[in-house]
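The values are calculated or read from the model by the stated rules, or taken from the named source; none is laboratory data. Predicted, not measured: the structure shown is a model, and the values here were computed from it. Quick reminder, even Gly has a Cβ in these numbers, built from the backbone with ideal geometry, and neighbours come from all protein chains shown.
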């Protein structure tokens, strides 16, 4: 294990930085060195507030700093590809906020730049790094709930802030990109397959940006997934996986509630088979709850990036994985626009 440390730079003063700054500072072999803004005064004020040693009034200036080893990109979706490629060309490792980009072709360009310049590029879909996701994937792979039949997910809240970039068409905002991307990534990870067809419906604002999106995905072997993402409802985070011999319910599936306890309820069939005339008795079912206390998937995300950079560890989310996730989301958007099922 290397004794070096990864020196981080933040590419903008976005609010999501508040979730990443503490994990960067508490991770072993990790140091927060710099922040960049497009305004020097803003960068200096932010650096003073968060006690960051170096402040840069342009993104280019921070990328020119040879002491910055890795960059976290929390920019609007439409800017991810451009700045990830620029980071790679400057020899910086990159943790890019989800979604990695907004087209599979952009992800391919980003991956090519990372490979050409010998840097790590990974998507910051933090729930994929946490033990809850990893252990649930193993449970399903073992067949603990039989064959998966259907997956369902909800990720919603009320977004009222005017001018929020997540509702900006030019910056590729939208509830599906911001919230639904978790649901899509989760279902792909749980099934360990890619959807073969998708269909979606959306409600948009005056700019045509989706405020709510309902999506369906058809996976191989008849497995189906359904999710709802929205900026226009009360907060709701839940997911279910129903199999031929069991069921899993998650109350904090997307793992963005730092310090909370996440509960995974696992229901399995007991020894006695249902005796009801219609085979719908639930008397034989047995429940087990697995709790994950004081969750912080952002810490797991940073820890994995540091291990990848310094120790050659395997990335949790491969670039092919990210590319496939973007392909599925792009197809869902196409379906909603054209009001038809789209095959992948």
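See the values below:
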read-out	value
Hits in segment 64-83 (condition: touching a strand residue (DSSP E or B) at 6+ places or on another chain (Cβ under 7 Å), part of a loop (DSSP other than H, G, I, E, B) and under 17 Å from residue 106 (Cα atoms))	74, 75
Search result, residues across segment 147-166 that are outside any strand (DSSP E or B) and in contact with a helix residue (DSSP H, G or I) (Cβ under 7 Å, 6 or more places away or on another chain)	159, 166
Among (1) farther than 24 Å from residue 255 by Cβ; (2) at pLDDT 95 or above - the single one residue 206 does not satisfy	(2)
Filter result for residue 61 (touching a strand residue (DSSP E or B) at 6+ places or on another chain (Cβ under 8 Å), within 20 Å of residue 21 (Cα to Cα) and outside any loop (DSSP other than H, G, I, E, B))	no
Residue 173 vs. criteria under 25 Å from residue 78 (Cβ atoms), touching a strand residue (DSSP E or B) at 6+ places or on another chain (Cβ under 9 Å), in contact (Cβ under 8 Å) with a residue 60 or more places away in the chain and buried (at least 23 other Cβ atoms within 10 Å of the Cβ)	yes
Segment 84-108: number of residues that are part of a helix (DSSP H, G or I) and either surrounded by fewer than 17 Cβ atoms within 10 Å (Cβ to Cβ) or modelled with pLDDT under 95 (or both)	3
Residue count, segment 304-319 (criterion: in a helix (DSSP H, G or I) and in contact with a helix residue (DSSP H, G or I) (Cβ under 8 Å, 6 or more places away or on another chain))	2
Residues being farther than 19 Å from residue 324 by Cα and touching a residue at least 24 places away in the same chain (Cβ under 8 Å) - total across segment 176-206	4
Residue in segment 135-146 that is part of a strand (DSSP E or B), surrounded by 22 or more Cβ atoms within 10 Å (Cβ to Cβ) and in the same structural domain as residue 189 (by TED's automatic domain parsing) present	no
